[in-house]
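Participant: Here it is, the structure, as structure tokens.
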Amino acid sequence: MSGSRGVAPARDTHGGVGPEGAAGRPRDARIDSAVLAAAGELVVEAGYQKLSLAAIAERAGTTKTALYRRWSGKAELVHDLVFAHMTRLPPSSGEAASDLRTMIVAACELFASPVTRAALPGLIADMSADPELARRVHAGFAGVFDALRERLVVAVERGEVRGDADPDRLIEIIGGSAMLHVLMRPGGNADGAMFDENWADRLAALVLHGVMR
């Protein structure tokens with residue numbers, strides 16, 4: 001799992017300790033990008049369990065020390081790789097039903113990604129075994145929950161959504177449904193796709209209208 005194939009080297013020049021580098025210098029975004037790109041390649045090639053910080057650092061053209069300045073370990077690094085772009089909501093359309101479907105589509109795209117599929121089982125296991133890691137991971141999604149809560153307040157004021165709608169449960173329904181779908185079908189559907197073209201519409205209808213007649 002060594003070599004620098006696919007990732008341009010990004011040497012770390014900061015000698016200090018802590019997430020901001022030496023003497024409070026800002027982190028070098030080129031190193032962050034190179035490390036995440038290397039981790040994405042390697043987790044697909046080798047799997048989460050065999051992934052190592054040493055191999056990531058070598059392919060990224062940096063050092064393990066540089067990685068530890070940025071992440072507490074492999075699990076936190078892979079979490080950032082998989083979920084970093086999901087720490088904020090997609091732009092609102094101004095219409096609750098459309099926003100809901102957009103969120104579902106985003107969840108489908110996330111969990112259908114080869115990187116997510118390769119990383120998810122091991123990442124879940126590490127989070128289950130390490131409550132502090134799980135706490136840090138959950139804290140990373142605080143912005144999503146807050147933003148959705150604000151949108152639901154607006155949707156309630158517009159008369160689109162019931163006043164007792166729970167944003168935390170809504171995110172769990174959307175993300176949890178997509179995640180379970182992928183975990184239960186590691187090889188995808190019969191045609192190889194992780195989600196069929198109507199999956200998002202069916203989940204949106206279930207959330208919007210429920211199951212009772």
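The values are calculated or read from the model by the stated rules, or taken from the named source; none is laboratory data. This structure is a prediction, so every number in the text was calculated from the model and none was measured. Here the Cβ is made from the backbone with ideal geometry for all residues, glycine too, and neighbour counts use every protein chain on show.
Participant: Given the conditions (1) surrounded by 12 or more Cβ atoms within 10 Å (Cβ to Cβ); (2) over 20 Å from residue 47 (Cα atoms); (3) touching a residue at least 40 places away in the same chain (Cβ under 8 Å), and given that residue 121 satisfies all but one, which numbered condition is not satisfied?
Facilitator: So the condition that residue 121 fails would be (2).
Participant: Take residues that are modelled with pLDDT under 95 and tell me which of the helices (runs of 4 or more DSSP H) falling wholly in region 5-96 contain 1 or more.
Facilitator: Helices (runs of 4 or more DSSP H) meeting the threshold: 29-46, 64-70, 74-83.
Participant: Additional query: Can you tell me how many residues within region 155-170 are in a helix (DSSP H, G or I), modelled with pLDDT of 90 or more and crowded, with 16+ Cβ neighbours inside 10 Å?
Facilitator: Residues flagged as in a helix (DSSP H, G or I), modelled with pLDDT of 90 or more and crowded, with 16+ Cβ neighbours inside 10 Å within region 155-170 amount to 2.
Participant: Here are some residues: 187, 176, 143. Which one is surrounded by 12 or more Cβ atoms within 10 Å (Cβ to Cβ) and free of Cβ contacts under 8 Å to residues at least 24 places away in the same chain?
Facilitator: Matching residue, one of 187, 176, 143: 176.
Participant: Follow-up question, since we're still on this one. Can you say whether residue 134 is within 17 Å of the chain's Cα centre (by Cα), surrounded by fewer than 15 Cβ atoms within 10 Å (Cβ to Cβ) and over 18 Å from residue 203 (Cβ atoms), as far as the supplied structure shows?
Facilitator: no
Participant: Which of the residues that make up region 73-100 are loosely packed, with under 14 Cβ neighbours inside 10 Å and under 20 Å from residue 131 (Cβ atoms)?
Facilitator: Matches in region 73-100: 73 only.
Participant: Would you mind telling me which numbered condition in (1) assigned to a helix (DSSP H, G or I); (2) closer than 28 Å to residue 45 by Cα; (3) touching a residue at least 12 places away in the same chain (Cβ under 8 Å) residue 138 fails?
Facilitator: The single condition residue 138 does not satisfy is (3).
Participant: Just the residues that are farther than 14 Å from residue 27 by Cα, small (Gly, Ala, Ser) and in contact with a helix residue (DSSP H, G or I) (Cβ under 7 Å, 6 or more places away or on another chain), please, taken from region 63-77.
Facilitator: The answer is 75, and nothing else.
Participant: Residue 99 versus (1) more than 18 Å from the chain's Cα centre (by Cα); (2) assigned to a helix (DSSP H, G or I); (3) at pLDDT 95 or above: which is the lone unmet condition?
Facilitator: Result: residue 99 fails condition (3) only.
Participant: So is residue 61 out of contact with any Leu (no Cβ under 7 Å at 6 or more places or on another chain), closer than 18 Å to residue 126 by Cα, surrounded by fewer than 20 Cβ atoms within 10 Å (Cβ to Cβ) and not assigned by TED's automatic domain parsing to the domain that holds residue 131 or not?
Facilitator: no
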